[in-house]
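Reading through the structure tokens given below for one structure.
The values are calculated or read from the model by the stated rules, or taken from the named source; none is laboratory data. On a predicted model such as this, the values are computed, not experimentally measured, just so you know. Glycine gets a Cβ as well: all are built from the backbone with ideal geometry, and neighbour counts include every protein chain shown. Only protein heavy atoms, including side chains, enter the accessible area calculation; ligands, DNA and RNA are left aside. Shrake-Rupley method; radii C 1.70, N 1.55, O 1.52, S 1.80 Å.
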Amino acid sequence: DAGNRETIDFFESVFKKYPESKKNRHRIEHAQVIHPDDIPRLAEMGIIASMEPPHAVEDKTWAEERIGPDRIKYAYAWRSMRKAGIPLTFNSDLPGSDHSIFYGLHAAITRRDKNLEPIEGWHNEQNMSIEEAIRAYTNWAAYAQFRENETGILKAGYWGDITVLDIDPFHLGETKPSELLNGEVLMTVIAGKIVYQK
């Protein structure tokens, strides 16, 4: 949280000196541990919090021992950030973690690892809904790149970036989230052209 606070302080000092720079949609990569006092600051400044959902479930075995029982409550605090109005984006951190979108979605909505542990989810009060998780990987990420009017959703006139899956993540995310882990990508389309087909 100290590293994130230093970064927030830096942004704040720049915004005071150059107010127009606030429009640049700045983001903090690995905004994983935020002090609760800094959550409203992120929201007020419009700083985007970028994280990797698999890191939450991979860090759970050692994180609390390192940062303590109080600070851990604000580790990967997606729900707290959403409630505060902080823009979020998700990514895979490839090659730092398993880049599977299915693993990422599963981790975001259940806070459970590939072994489905812990049963109740790790600090599950910070879970995302399946719609939020998908948006964090798609149109919220497009917003972070100033491309929300070009990609991130399926719409006439947009790029036509499409990933075809063999599952319905919306349905499984609400009914059988563990089955997300069995999903496969059947096709990838970029700018309307097929670039991968199983």
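For residue 117, indicate whether it is touching a helix residue (DSSP H, G or I) at 6+ places or on another chain (Cβ under 8 Å), at pLDDT 95 or above and not small (Gly, Ala, Ser).
Spelling it out, it is not the case that residue 117 is touching a helix residue (DSSP H, G or I) at 6+ places or on another chain (Cβ under 8 Å), at pLDDT 95 or above and not small (Gly, Ala, Ser).
Under the condition of being in contact with an Asp or Glu (Cβ under 8 Å, 6 or more places away or on another chain) and in a loop (DSSP other than H, G, I, E, B), which residue from the stretch 159-169 is least open to solvent (accessible area, probe 1.4 Å)?
Out of the qualifying residues, it is 167.
Find the residue count for the stretch 89-130, including only residues that are open to solvent by 50 Å² or more (accessible area, probe 1.4 Å), within 20 Å of residue 166 (Cβ to Cβ) and part of a helix (DSSP H, G or I).
1
I need the full set of residues from the stretch 41-88 which are open to solvent by 50 Å² or more (accessible area, probe 1.4 Å) and touching a His at 6+ places or on another chain (Cβ under 9 Å), in order please.
71, 73, 74
For residue 49, indicate whether it is touching a residue at least 12 places away in the same chain (Cβ under 8 Å), under 23 Å from residue 134 (Cβ atoms) and not in a helix (DSSP H, G or I).
yes
Condition check ((1) under 19 Å from residue 82 (Cβ atoms); (2) touching a helix residue (DSSP H, G or I) at 6+ places or on another chain (Cβ under 7 Å); (3) assigned to a loop (DSSP other than H, G, I, E, B); (4) without any contact (Cβ under 8 Å) to a residue 12 or more places away in the chain) across all residues:
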residue: 22; (1), (2), (3), (4): no, yes, no, no
residue: 28; (1), (2), (3), (4): yes, yes, no, no
residue: 37; (1), (2), (3), (4): yes, no, no, yes
residue: 40; (1), (2), (3), (4): yes, yes, no, no
residue: 44; (1), (2), (3), (4): yes, no, no, yes
residue: 57; (1), (2), (3), (4): yes, yes, no, no
residue: 61; (1), (2), (3), (4): no, no, yes, yes
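Inside the stretch 131-143, can you point out the residues that are free of Cβ contacts under 8 Å to residues at least 24 places away in the same chain and either part of a loop (DSSP other than H, G, I, E, B) or surrounded by fewer than 20 Cβ atoms within 10 Å (Cβ to Cβ) (or both)?
Those that are free of Cβ contacts under 8 Å to residues at least 24 places away in the same chain and either part of a loop (DSSP other than H, G, I, E, B) or surrounded by fewer than 20 Cβ atoms within 10 Å (Cβ to Cβ) (or both): 138, 139.
How about the stretch 170-189: which of its residues are out of contact with any Gly (no Cβ under 7 Å at 6 or more places or on another chain), in a helix (DSSP H, G or I), closer than 12 Å to residue 100 by Cβ and open to solvent by less than 70 Å² (accessible area, probe 1.4 Å)?
181
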